[in-house]
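K.L.:
If you scroll down you'll find the structure; I have some questions about it.
What follows draws every value from the coordinates through simple rules; no lab data is involved. What you see is a predicted model, and the numbers here were worked out from it, not measured in a lab. Here Cβ is always computed from backbone atoms with ideal geometry, including for glycine, and neighbour counts include all displayed protein chains.
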Amino acid sequence: MDAVFSNFDEYLKAFGLTIGLFVVSGIASLVLGTILAVLRVGPVSILNKAASLYVTLFRNTPLLMIFVFIFIAMPVLGYNFKVVENIEIAGYNVSAFFFRACLALTLYTSAFVCEAMRSGVNAVPLGQAEAGRAIGLTFSQSMTLVILPQATRAVIPPMTSVMIALAKNTSVAAAFGLAEATATMRGFTNDNADERIGIFLFFAIGYIVVVEVISLSSYLVERKVRVAR
Amino acid sequence: MTAQETGTVSAGRGEPLVVLDGVQKHFGQLHALKDIELTVKRGEVVVVIGPSGSGKSTLCRTINRLETIDEGTITLDGKDLPQEGKALAALRAEVGMVFQSFNLFAHKTILENVTLGPIKVRGMGKAEAEKKARELLDRVGVGHQAEKYPAQLSGGQQQRVAIARALAMEPKVMLFDEPTSALDPEMIKEVLDVMVDLAQQGMTMVVVTHEMGFARTAADRVVFMADGAIVEENTPEEFFTNPRSDRAKDFLGKILKH
Amino acid sequence: MRFIRTKAVIATVGLALSLAACGDAGDDGGDTTDVEVQENAGDEFDEGTAMKEFADSGEITIGVKYDQPGIGFKGATDDMPVGFDPEIGKILAASLGIAPEDITWKETISDNREPFLQEGEVDLVIASYSITDERRQVVGQAGPYYVTGQQLLVASDSDIESLDDVKGKEVCSVTGSTSLDNIKAEGAKPRGFDTYSECVDQVLSGTVDAMTTDGAILLGYAAEHPDELKVVVDPFSEERYGVGYSLDKPEMCQWIVDTLTKAEDDGDWAAAFEATLGQSGVDTPEPPAMDECPAA
């Protein structure tokens with residue numbers, strides 16, 4: 001275990017990047033996935049079809065292929081997203097690699113978020129939407145004020161699963177230029193071939209902690225939502 | 001509602017407010033509405049009765065376009081019902097609707113249920129909306145429940161809140177779609193009392209109901225529907241004592257036996 | 001585009017192989033040499049040694065890289081891997097009386113070399129396998145049979161000329177490799193990929209500024225894309241490639257050292273180099289002196 005303890009700052013930095021990937025693509029997926037879900041249940045037929053096509057495309061494509069497409073095919077076609085490196089947020093600027101990884105994770109995860117959201121929306125009785133419309137709410141008002149807040153509760157358990165999958169899926173970025181937890185683990189084992197099992201356990205524990213934090217927060221949110229009813 | 005507002009509602013009493021002309025509606029093979037001609041005048045209370053599946057709920061729901069129609073026209077206050085979007089939402093704000101299953105917003109308090117429309121649709125300030133909401137809740141007798149959530153109220157209380165929610169929009173016409181059918185018998189009266197009160201103050205109302213007592217007391221006109229068509233229209237006294245059609249006689253015979 | 005190019009590579013390798021089969025010189029580090037297979041090799045070894053077992057059974061499994069042109073490379077449609085490492089494997093197998101076509105090849109990647117040896121999945125690992133003290137704790141490493149050093153592969157028009165130039169630049173290599181740690185220590189932003197070929201693609205598409213790993217591997221890629229890529233910087237690390245074996249069979253060390261020393265002396269080593277890494281145009285170096293085997 002010396003390998004991990006003597007490089008503990010590396011270990012923390014690695015999980016920091018894992019969490020960074022998770023948080024950024026998690027938020028982006030929630031936003032994009034919710035918009036897609038609204039389009040799927042919405043009244044405009046062409047948008048229904050577009051959202052449904054998106055979900056079919058990205059939910060059925062292996063994540064690794066999406067990464068390969070974004071990291072290897074897109075740059076050859078001339079899209080390398082280097083422009084994001086010129087954008088500075090609070091003194092930090094984002095690397096094109098981080099952006100690409102978040103893009104790949106978001107494209108993939110938002111399809112699952114959309115379906116989880118849709119199941120939540122379907123769990124809200126139709127009468128709620130009719131009552132919203134009957135007092136003159138527009139479609140988007142009735143979505144944001146009436147349907148989505150109520151869908152949230154039904155959505156938490158499936159959404160938690162989606163988010164846990166996302167946290168673990170960030171490890172695919174290990175093979176695409178990001179020194180997150182899995183990549184760092186491979187570096188550690190390469191340098192310390194005699195401590196493979198200890199290193200593996202330590203990194204596995206790191207992932208377990210991350211996932212447990214997600215489960216716990218979802219439990220707290222679920223309880224809060226229940227009390228509010 | 002103040003006397004002054006009641007006066008506004010009653011203004012122009014007798015002019016046509018809701019006009020259905022040649023309305024046709026199909027659900028797949030089922031011809032749900034057959035060539036419906038119906039005019040509801042300002043201040044008039046029209047009660048729609050008929051056997052299950054006669055299309056009376058569908059008729060009620062077409063008036064604020066919760067159901068679309070295949071043919072014909074529906075006008076409200078002289079204007080055609082818009083097809084989609086903001087114009088339709090604006091029209092619906094003018095038409096209050098009370099559902100059989102109440103449909104209160106489950107995640108909002110009673111007060112928030114009533115203020116949501118005025119604030120979000122009418123752009124009213126929060127304080128003003130709440131003041132008005134409390135007046136309406138007092139009027140339907142659930143003012144002391146304002147901070148609770150719908151699930152904490154009885155069915156009768158919920159339905160009275162639903163009426164207050166619709167009234168908060170100051171609608172030109174109120175639609176009631178079997179408002180007492182989901183209620184326990186002891187709660188039916190408290191809801192009907194509110195409706196009778198509303199009718200006496202001159203609100204234009206279209207009421208789909210099985211409550212013949214309410215029809216006798218409050219209706220200006222009874223519309224009898226069977227198999228998607230309007231079979232008979234008459235005053236309550238005429239209709240109940242002297243129905244002209246066989247369908248109506250048969251129907252009344254069944255429900256008035258006990 | 002990548003797929004089209006990959007196909008082109010496969011086609012090139014296939015062509016090289018077919019040429020090689022006709023006894024012609026290949027152009028892709030994919031040439032092979034003939035080895036002289038020892039006859040009655042079983043008699044040479046003592047009862048109970050691993051070598052005796054291999055010789056008697058006529059079977060040996062060797063782990064090599066499949067994605068490093070010049071070192072160890074196997075296209076999807078090829079039967080056998082080609083490169084300097086497989087050549088060394090053939091020399092070792094020949095001393096056991098095992099012909100090249102009777103060797104079982106297995107792909108080993110950087111991550112699984114130790115486990116494969118420990119679990120007996122392979123008998124030997126000859127896979128650009130640098131000798132380190134940590135690795136020698138868990139597996140045996142005999143050699144070195146080749147010494148190289150870390151260098152940089154950049155686009156032909158790159159302005160990276162010295163190691164100082166990589167500070168703050170994005171440099172890729174294989175995830176978890178020592179090369180990546182080394183370049184990070186030089187102030188570059190390390191970018192790990194699963195395979196060297198993906199990393200080369202990043203340099204070709206301009207997504208990263210350079211690729212780094214052992215010069216031998218880089219030369220192989222530079223030879224593949226002579227117009228687009230070049231190898232720069234003097235080697236800034238020393239990587240000593242060894243042959244991995246299981247610590248359960250310590251007797252193998254002396255046999256590996258003896259066999260390879262003999263190959264170095266009689267010119268087989270130089271022939272193997274010229275047929276593979278030598279194709280990229282570098283001069284054949286002096287073969288390195290081997291480490292003493294640990295006392296049994």
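K.L.:
Under the definition of partner shielding as Cβ atoms of other protein chains within 10 Å of a residue Cβ, what is the mean value for peptide C:134-145? If you can, show how the numbers build up before the last one.
P.N.:
On the way: counts 8, 5, 2, 4, 5, 2, 0, 0, 0, 0, 0, 0.
Other-chain Cβ atoms within 10 Å of each residue's Cβ, averaged: 2.
K.L.:
Can you pull the semi-axes for segment C:150-232, root of five times each eigenvalue of the Cα gyration tensor, sorted largest first, whole Å? Spell out each step's value before the answer.
P.N.:
Working: eigenvalues 55, 39, 25 Å².
Taking √(5λ) for each Cα gyration eigenvalue gives 17, 14, 11 Å.
K.L.:
Equivalent ellipsoid semi-axes for segment C:143-196, as square roots of 5 times the alpha carbon gyration tensor eigenvalues: give them largest first, rounded to whole Å.
P.N.:
Numbers: eigenvalues 76, 42, 27 Å².
Values for segment C:143-196, descending: 20, 14, 12 Å.
K.L.:
Out of all DSSP beta bridges with both ends in chain C, state the antiparallel percent to the nearest 5. Before the final figure, lay out each step's value.
P.N.:
On the way: 19 of 33 bridges.
Taking every DSSP beta bridge within chain C, about 60 percent pair in antiparallel fashion.
K.L.:
Considering amide H positions built from the backbone, and no H for Pro or chain starts, which residues 5 or more places from C:Gly97, or on another chain, come under 5 Å of its amide H?
P.N.:
Residues meeting the criterion, in which the H sits 1.01 Å from N, are C:Gln38.
K.L.:
When all C-alpha to C-alpha distances in segment C:153-296 are sorted into bins of 5 Å, what percent of pairs does each bin hold, rounded to whole numbers?
P.N.:
2, 9, 16, 18, 15, 13, 12, 9, 5, 1, 0
K.L.:
Let me ask something else about it. For the pair C:Asp227 and C:Asp248, what calculated FRET efficiency results from E = 1/(1 + (r/R0)^6), where r is the Cβ-Cβ distance and R0 = 45 Å, to the nearest 0.05? Mind showing how you got there, number by number?
P.N.:
Working: r = 49 Å, r/R0 = 1.08.
About 0.40, to the nearest 0.05.
K.L.:
In a shell of Cβ-Cβ distance under 12 Å around A:Phe15, excluding A:Phe15 itself, what net charge do Lys and Arg (+1) and Asp and Glu (-1) give? Spell out each step's value before the answer.
P.N.:
Values: positive: A:Lys13; negative: A:Asp9, A:Glu10, A:Glu180.
Charge balance in the 12 Å sphere: -2.
K.L.:
Give me a single rounded figure for B:97-104: the average over its residues of other chain Cβ atoms within 10 Å of their Cβ.
P.N.:
Values: counts 5, 2, 4, 1, 5, 2, 10, 3.
Average neighbour count from other chains, rounded to a whole number: 4.
K.L.:
I need the shape label for segment B:91-171. Rule: rounded when a/c is under 1.5, else prolate if a/b > b/c, else oblate, with a, b, c from the alpha carbon gyration tensor. Present the calculation step by step, with values, prior to reporting the outcome.
P.N.:
Details: a/c = 1.63, a/b = 1.24, b/c = 1.32.
Taking the square roots of the gyration eigenvalues as a ≥ b ≥ c, segment B:91-171 is oblate.
K.L.:
In square nanometres, what is one fourth of the surface area of the convex hull spanned by the alpha carbons of segment A:43-141?
P.N.:
Values: hull surface 37.5 nm².
Over all viewing directions, segment A:43-141 projects a mean Cα-hull area of 9.4 nm².
K.L.:
Please compute the Kirkwood hydrodynamic radius over segment B:205-258, one decimal place, Å, based on all pairs of different Cα atoms.
P.N.:
Values: mean 1/r = 0.0877 Å⁻¹.
For segment B:205-258, the Kirkwood estimate is 11.4 Å.
K.L.:
Pop the C-beta distance of B:Leu30 and C:Thr77 into the FRET formula with R0 = 60 Å and round what comes out to the nearest 0.05. Mind showing how you got there, number by number?
P.N.:
Numbers: r = 64 Å, r/R0 = 1.06.
E between B:Leu30 and C:Thr77, to the nearest 0.05, is 0.40.
K.L.:
Calculate the radius of gyration of the Cα atoms of segment A:140-229 to one decimal place, then report Dmax, the largest Cα-Cα distance, as a whole number, both in Å.
P.N.:
18.6, 61
K.L.:
Calculate the all-directions average of the projected area of the protein assembly as shown's alpha-carbon convex hull, and give it in nm².
P.N.:
Details: hull surface 184.0 nm².
Computing the convex hull of the Cα atoms and averaging its projections yields 46.0 nm².
K.L.:
Can you tell me which of A:189-199, C:285-295 comes out highest on packing, and rank the rest after it, using the mean Cβ neighbours within 10 Å?
P.N.:
Working: A:189-199: 19.8, C:285-295: 12.7.
Top to bottom by mean Cβ count within 10 Å: A:189-199, C:285-295.
K.L.:
Let me ask something else about it. From the cross-link list A:Lys224/B:Lys148; B:Lys34/B:Lys189; A:Lys82/C:Lys167; B:Lys79/B:Lys108, which pairs have alpha carbons spaced over 25 Å apart? Intermediate values should be presented prior to the final figure.
P.N.:
Details: A:Lys224/B:Lys148 17 Å; B:Lys34/B:Lys189 33 Å; A:Lys82/C:Lys167 18 Å; B:Lys79/B:Lys108 33 Å.
The answer is B:Lys34/B:Lys189; B:Lys79/B:Lys108.
K.L.:
If I take the Cα coordinates of chain A and project them onto the principal axes, what are the three extents in Å, biggest first?
P.N.:
Largest first, chain A extends 68, 46, 36 Å along its Cα principal axes.
K.L.:
Would you mind getting me the FRET efficiency between A:Asp2 and A:Met65? Use the beta-carbon distance for r and R0 = 41 Å, nearest 0.05.
P.N.:
0.60
K.L.:
Specify the residue with the greatest mean-square fluctuation among C:Leu153, C:Leu163, C:Leu117, computed from a Gaussian network of chain C linking alpha-carbon atoms under 10 Å apart.
P.N.:
The residue with the greatest mean-square fluctuation here is C:Leu163.
K.L.:
Pairs of Cα atoms under 8 Å, at least six residues apart: use those to get the relative contact order of segment A:2-225, whole percent. Walk me through the numbers before you get to the answer.
P.N.:
Numbers: 224 pairs, mean separation 63.5, N = 224.
Relative contact order for segment A:2-225 comes out at 28 percent.
K.L.:
Can you give the alpha-carbon Rg of chain B over 2.2 N^0.38 Å, where N counts its residues? Could the numbers behind the result be given before it?
P.N.:
Numbers: Rg = 18.0 Å, N = 258, 2.2 N^0.38 = 18.1 Å.
Rg over 2.2 N^0.38 Å, computed on Cα atoms: 0.99.
K.L.:
Run the reach check for C:Lys249 against lysines, Cα to Cα strictly under 28 Å, same-chain hits fewer than 8 apart removed. What comes back?
P.N.:
Once the sequence-local lysines are set aside, what remains near C:Lys249 is C:Lys52, C:Lys65, C:Lys90, C:Lys106, C:Lys262.
K.L.:
Report the gain in length on full extension from B:Glu186 to B:Glu67: 0.36 nm times residue separation, minus Cα-Cα distance, nm rounded to one decimal.
P.N.:
Values: separation 119, 0.36 × 119 = 42.84 nm, distance 3.17 nm.
Value of the extension gain: 39.7 nm.
K.L.:
Extending each Cα 7 Å along its Cβ direction at C:Glu119 and B:Asp21, get the distance between those two points in nm, one decimal.
P.N.:
Each label point is offset 7 Å from its Cα along the Cβ direction, giving 8.2 nm.
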